[in-house]
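S.K.: Next up is a structure, given as structure tokens.
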Amino acid sequence: MQNDTIMMVHGSGGDATGALIHEIFADAFSNDVLNQMEDAAVVPGSGTIAVTTDSFVVTPLVFRGGDIGRLAVCGTVNDLLMRGAVPKYLTCGFILEEGLSVELLRKLVCSMAETAREAGVQIIAGDTKVIEGAGGCYINTAGVGFIPDGTDISALNAEAGDAILVSGTMGDHHAALLSERMNIQNDITSDAAPLTDMVLHLNESGIPVHTLRDITRGGLATVLKELAVASGKTFVIKDEAVPVSEKVRGFCGLLGLDPLYMGNEGKLVAIVPAEHAQQALELIRSSRFGADAAIIGSVLEEEPGELYAETSIGGRRVLDILQGEGLPRIC
């Protein structure tokens, strides 16, 4: 490309647009479907499909442990996985602000392509628009996955007697981004990751997984409250059982934050029958990104839609969804 930054001409549909598409996107995302450059992609498939879409507006664009390109893949792939689907295809729409560095854009696109390969998906279609601005970048993705026969994973399916598991430490992504924005020097790293390996292992194990949910904006407490309401059950977790790294715990103590309400981008909640909980825990711990998994609570039949945390002295405190804005532009 002749320019070092994105300009309005790159969104004109002419030669500059063609150069942008071919030299940045097509080169990174190359596959047999995308390379046809048709108005719509035609792909093989049959049976039940899962479809999702998401938009990413994270600040900053690059942070310790990831960037907006990696997030755009992880967020969409993980949403498909939470219904037990095998992710297959993604589309991506880029909205570029004038002044964006072409070198930075290339880095983000290459990161996205690398994460797609890691997650086992193909990026098969896309779109690019350029707007006035100050060098920002926003990405919209849509994803398609195929649900194996007999799979029924849903927020509605939690049953009394089930165990609640999480796949790792809470608050890592939130703490990493907030550290960057506040220029706080530490080595906290975002947990942004595709959970393909973990979920496919669960699916193939024969464990009757009732519910999966990725823990993103609003944090663990918000996710569990939503699941309690959806299933009409009571969820009880143990404060001391929830894994939090010492670095994030110290960061929370410094700023007065609660890790139960801090977002992640590579963690999940799994709800399974209690008799399968230990097997599920061992399987998650043996999967990539699951080394710090823990059993943190159980599902009860007490009060529909309630969420409690048991304290170290045996009391209970009520947890609800996140109130207020939290940390904006986290993904």
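S.K.: Summing -39500 (n - 2.57) over the DSSP H runs of n ≥ 4 in the chain and dividing by its residue number, what mean residue ellipticity at 222 nm do you reach, to the nearest 500 deg cm²/dmol?
M.R.: When only DSSP H runs of four or more count, the value is -8500 deg cm²/dmol.
S.K.: Still on this model: Give me the count of lysine pairs in segment 210-315 whose alpha carbons sit under 20 angstrom apart, restricted to pairs 8 or more positions apart or on different chains.
M.R.: Eligible lysine pairs with Cα atoms under 20 Å apart amount to 5.
S.K.: Separate question: Reachable lysines from Lys129, Cα under 30 Å, same-chain residues fewer than 8 places away excluded?
M.R.: Cross-link targets: Lys88, Lys107.
S.K.: Please report the base-10 log of the normalised intensity I(q)/I(0) for the chain, using a Debye sum with one equal scatterer per alpha carbon and no solvent, at each q in 0.06, 0.12, 0.14 (1/Å).
M.R.: Scattering profile of the chain, log10 relative to I(0): -0.22, -0.85, -1.09.
S.K.: Expressed as cubic angstrom per residue, what is the convex hull volume of the alpha carbon set of segment 8-147?
M.R.: Numbers: hull volume 14.0 nm³, N = 140.
Hull volume over Cα atoms, normalised by residue count, gives 100 Å³.
S.K.: How far, in nm, would the chain grow between Ser312 and Ser30 when pulled straight, counting 0.36 nm per residue and subtracting the alpha carbon separation?
M.R.: 96.2 nm
S.K.: Can you tell me the 0 to 90 degree angle between the C-alpha axis of helix 102-119 and the longest principal axis of the chain, rounded to 10?
M.R.: 50 degrees
S.K.: Counting only the backbone N, which residues of segment 88-117 are under 11 Å from the spot 7 Å out from the Cα of Ile131 toward its beta-carbon?
M.R.: From segment 88-117, the list is 95-98.
S.K.: If you don't mind, another one. What does DSSP give for the chain in terms of the percent of beta bridges that are antiparallel, rounded to the nearest 5?
M.R.: Working: 42 of 55 bridges.
Within the chain, antiparallel bridges account for around 75 percent of the total.
S.K.: Which trypsin sites (Lys or Arg not before Pro) in segment 233-331 sit in a loop by DSSP (not H, G, I, E or B) and have at most 16 other Cβ atoms within 10 Å of their own Cβ?
M.R.: Passing sites in segment 233-331 are Arg288, Arg329.
S.K.: Could you state the angle between the C-alpha long axis of helix 172-182 and the longest principal axis of the C-alpha atoms of the chain, as a value from 0 to 90 degrees rounded to the nearest 10?
M.R.: 60 degrees
S.K.: With each label point set 7 Å from Cα along the Cα-Cβ vector, what nm distance links Glu302 and His22?
M.R.: Modelled inter-label distance: 6.5 nm.
S.K.: Also, I was wondering about something else. Which value in nm describes the separation of the simple spin-label points at Glu159 and Thr48, placed 7 Å from the Cα toward the beta carbon?
M.R.: If labels sit at Glu159 and Thr48, their model points lie 1.6 nm apart.
S.K.: Let me know the shape class of segment 155-318, please: from the alpha-carbon gyration tensor, a ≥ b ≥ c as square roots of the eigenvalues, rounded when a/c is under 1.5, otherwise prolate if a/b is greater than b/c, or oblate. Could the numbers behind the result be given before it?
M.R.: Details: a/c = 1.99, a/b = 1.31, b/c = 1.52.
It comes out oblate by the Cα gyration axes.
A short reminder: the numbers here are calculations on the coordinates, not readings from a lab. Note that the coordinates shown come from a computational prediction; the quantities given were computed from them, not determined experimentally. Reconstructed Cβ throughout: ideal geometry from the backbone, glycine too, with neighbour counts over all protein chains shown.
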